[in-house]
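The structure appears below as structure tokens.
Any read-out appearing in this document is the output of simple, stated calculations on the displayed coordinates, not a laboratory observation. All values reported here derive from a predicted model rather than from experimental measurement. Counting neighbours? That spans all protein chains shown, and the Cβs are built from the backbone with ideal geometry, glycine included.
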Amino acid sequence: MFTVKSSRAGSKFVPAGIAFALALTLTACGGDEVAQVDDQSLVTEVEEAPQASGGFDAPVVTPDKVSYTLSSPASFTPGKFASGMLPGQINERFNVTVENGSAADLDLATLIVKGSTTTGECVDIFDGDNQMEGAPITPLAPGASAKFSWGLSCPGKGGEEISVTLSNGVTTLIEVAGKLA
């Protein structure tokens, strides 16, 4: 393939020449075809019916006996360091109370809260000044309960329909519906 002569001046260029020749031969491998995979399962959200549904201010219990109560949304003014609010949208907060009636620890750190109005999707607001810092990260023991606040920035006007779902990333646990404050 290659004949390498040993000379003092040429010895510096031999490794570079071999690397260049190798690079040229490797670029020809595989031809012009590019592997294309159109796997929409990685970007498509799975829509499924919630395990339980109800309204605000009332317990919604899943088949595994976990109870979720979401207070009615209330308008609020985000704190100085809050994030997630969108201009032109209204900021709503609600309290979430979870009672673990199941026989296993409940991982609330994986809880996903999604809100939508008839106008569009809401986005999360995180606001330490208003104690809206997400769900607790410590697993909730059987028989225990936890309460935390959540904020959403939603399109629409007061009195418009809002739907809030809680999921664990795999399963839609509950859905509650009501009106914006």
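Worth a mention:
- With the simple model of a label 7 Å out from the Cα in the direction of the Cβ, Lys65 to Glu160 spans 4.1 nm.
- In percent, rounded to a whole number, the relative contact order of region 113-181 is 36, using alpha-carbon pairs under 8 Å and six or more apart.
- Scalar couplings 3J(HN,Hα) for region 140-147, obtained by applying the Karplus form with A = 6.51, B = -1.76, C = 1.60 to θ = phi - 60°, are 8, 5, x, x, 8, 9, 9, 9 Hz; x denotes Gly and Pro.
- Stretching Asp57 away from Ile112 to a fully extended chain increases their span by 17.9 nm, per 0.36 nm per residue minus the current alpha-carbon distance.
- Once you reduce region 148-181 and region 62-126 to the center of their Cα atoms, the two points are 6 Å from each other.
- Cβ-based net charge around Pro73, under 12 Å, with every Lys or Arg adding one and every Asp or Glu removing one: -2
- Close amide H pairs (under 5 Å, H built 1.01 Å from N) link Asp57 with Leu70, Ser71, Ser72, residues at least 5 positions away or on another chain.
- Remark on Ser149: its backbone amide H falls under 5 Å from those of Val96, Glu133, a criterion applied only to residues 5 or more positions apart or on other chains, H modelled at 1.01 Å from N.
- Positive-pole candidate from Gln89, Ser167, Ser145, dipole of region 71-181, charges at beta carbon: Gln89
- Put simply, the C-alpha atoms of region 110-157 give a gyration tensor, and the ellipsoid matching it has half-axes of 25, 13, 8 Å, longest first.
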